[in-house]
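Readers should treat all values here as calculations from the given coordinates under stated rules, not as data from a laboratory. Predicted model only: the values in this text are computed from it and were never measured. As a convention, Cβ positions derive from the backbone with ideal geometry for all residues, glycine included, and neighbour counts pool all protein chains shown.
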Amino acid sequence: MDSYEKFIVDLVRVLKVDLSGYKRPQMERRINTLMRSLDIKSYDDFIQTMRKDKEIYERFMKHITINVSEFFRNNSQWKVLETKILPELLKKTPNLKIWSAGCSTGEECYSLAMLLSEKFPQGRHSIWATDFDKNVLMKAKEGYYLKKNIVGIPDTYLKKYFDPFEEGFKAKDSLKSMIKFDHHNLLRDKFPQNCDLILCRNVVIYFTEETKFELYKRFFSALRPQGILFTGSTEQIIRAKEIGYESAAVFFYQRP
Ligand SMILES: C[S@@+](CC[C@H](N)C(=O)[O-])C[C@H]1O[C@@H](n2cnc3c(N)ncnc32)[C@H](O)[C@@H]1O
């Protein structure tokens, strides 16, 4: 076991952070850069520092996760969701059970909540939004967005679902009440069952191929028959057929 591998084992033991499913080169580079900037020379010292200093621990968590998100990210896929996927799903059940896995600061789940309210208001849909980074979850729950970050939201939606404040816009309580936010680690925690739709977009980029494969199998089991997994615009599932998925559209995988 080399020093990086030992660090990964110690991280789980001491801080309950499991990075074993993440691609080593990128993760190692990011961690080493952070350690250099803090003038920490060894992995052991780094773990001890994080144990004592909450701020350093939070910087570490922030550094290893990429939280960038956007409202209606990759708009053409949201159009497919609106015009093809959601109408099909709603033929089977009026009330959709939806999971936004790796929701970051909330742009994805708020986009979804607005879309459902506007276009499919008949049902009592539930949206569960999860992330393993507590800081982003807190921001998502608060729902404050700077002006530069709301560009993807159509004006009509912005007026209806957000209130202005000095530097930007805040999600209205009516919008927030459609979403339940929870802390959840995709590599450790239990998955829900019978989901109609799961969004896992731009989350798996740093996962190893094996980890991705296992994760996509677990998503498959979390879907009800005919349920859909919606992935990011660069994420095609390798061996999707082997797991059992069929293609409903590009980046939309269906459990038959
Ligand atoms: C780039 S953001 C994607 C946000 C949103 N899904 C989108 O597409 O805009 C990736 C998110 O995945 C989360 N993430 C990474 N590994 C995770 C894990 N093991 N469990 C849960 N969330 C994780 C990160 O904390 C981050 O907020």
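Among the trypsin sites (Lys or Arg not before Pro) in the range 203-256, those placed in a DSSP loop whose Cβ has at most 16 other Cβ atoms within 10 Å are R239. For the residue pairs K16/K172; K54/K172; K23/K62; K134/K172; K6/K52, the alpha carbons lie more than 25 Å apart in K16/K172; K54/K172. Length available on full extension from T83 to T156: 0.36 nm per residue minus the Cα-Cα distance, which gives 24.4 nm.
Subtracting the Cα-Cα distance of D10 and I66 from their residue separation scaled by 0.36 nm leaves 17.9 nm. Spin-label pair R188-R224: with each label point 7 Å from Cα along the Cα-Cβ axis, the two points sit 3.1 nm from one another.
The protection proxy used here, the mean number of other Cβ atoms lying within 10 Å of each residue, ranks peptides 193-200, 101-108 as follows, highest first: 101-108, 193-200. Sparse packing (at most 16 other Cβ atoms within 10 Å of the Cβ) combined with a DSSP loop state is found for the following GluC sites (Glu not before Pro) in the range 165-230: E166, E167. Beta-bridge orientation, the range 75-254: approximately 40 percent antiparallel, per DSSP, counting only bridges with both partners inside. The order of R51, R73, going from fewest to most other C-beta atoms within 10 Å of their C-beta, is R51, R73. Over the chain, the fraction of Cα-Cα pairs per 5 Å bin, rounded to whole percents and listed from the shortest bin up, is 1, 6, 13, 16, 17, 15, 12, 9, 6, 3, 1, 0.
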